[in-house]
Amino acid sequence: MAKMSSKDKLQYSMATLGASFRLAVKSVKENYGEEGVSNLRKTFYQAGIELGEDAVKRLKIKDKGTQAYHRIVEEALEAFEVEHEIAEFSDTDYVLRIYDCPHAKNFKSPEVCDVFLELDKGIVKSLDPQLQLKLTKHILRGDPYCEYVVRPERSIP
């Protein structure tokens, strides 16, 4: 048997994680309804706050906000070799387009992505309570890419 490349191992791990997470969200919804899914979102949001705080320390980030979020996200995009584009980037506005979203590919359900996205929402809040993250386009909802928009709360419809 041929040895798997690092890239193949990563893809296998992501597919397995995706299947497991789909099953977990499905089980929570079936057993606890929308309230259970809502609680799961809250748990992921809180975990995102903790991830953001940990990333700030680990990466020794001084300037928070969109600059910090980009630095954190950039690390993941590079690690997963994600095809992406930064459509907008300033101190208050950040728009990231992901063309081959590994989460969409592996979660296969918009609802599962919505739960997982709470991690990013929590990360953004940990960096600047005035900022908000919103997914304005979503591959699994028929768009050509996923679009993460980070802006001050009042400026995202």
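Helix-derived [θ] at 222 nm for the chain: sum -39500 (n - 2.57) over DSSP H runs of at least 4, divide by residue count, nearest 500?
Helices in the chain give a 222 nm mean residue ellipticity of -20500 deg cm²/dmol.
How many angstrom lie between the C-alpha centres of the range 85-126 and the range 35-73?
Using only Cα atoms, the two centres lie 12 Å from each other.
Can you name the helices of the chain, as whole DSSP H runs, whose Cα span along the helix axis is 24 Å or more and whose Kyte-Doolittle mean is not below -1.0?
The answer, listed by residue number, is 6-58, 110-127.
What does a probe at Leu59 reach in the range 118-136, counting residues whose amide N is under 18 Å from the point 7 Å along Cα→Cβ?
118-134
Leu17 to Glu153: extension gain in nm, 0.36 nm per residue of separation minus the Cα-Cα distance?
45.8 nm
With r as the distance between the Cβ atoms of Lys108 and Tyr32 and R0 = 30 Å, compute the FRET efficiency 1/(1 + (r/R0)^6) and round to 0.05.
After rounding to 0.05, the efficiency reads 0.90.
Once you keep just the Cα pairs under 8 angstrom separated by 6 or more residues, what percentage relative contact order results for the chain?
26 percent
When a/c is below 1.5 the answer is rounded, else prolate if a/b is larger than b/c, else oblate, so apply that to the range 1-143 with a ≥ b ≥ c taken from the square roots of the Cα gyration tensor eigenvalues.
It is oblate, given that a/c is not under 1.5 and a/b is not larger than b/c.
In nm, what is the difference between 0.36 nm times the number of residues separating Asp93 and Met4 and their Cα-Cα distance?
Extending this stretch completely gives an extra 28.0 nm.
Read-outs throughout are calculated quantities, based only on the coordinates presented, and are distinct from any laboratory measurement. These numbers come from a predicted model, not from an experiment. Quick reminder, even Gly has a Cβ in these numbers, built from the backbone with ideal geometry, and neighbours come from all protein chains shown.
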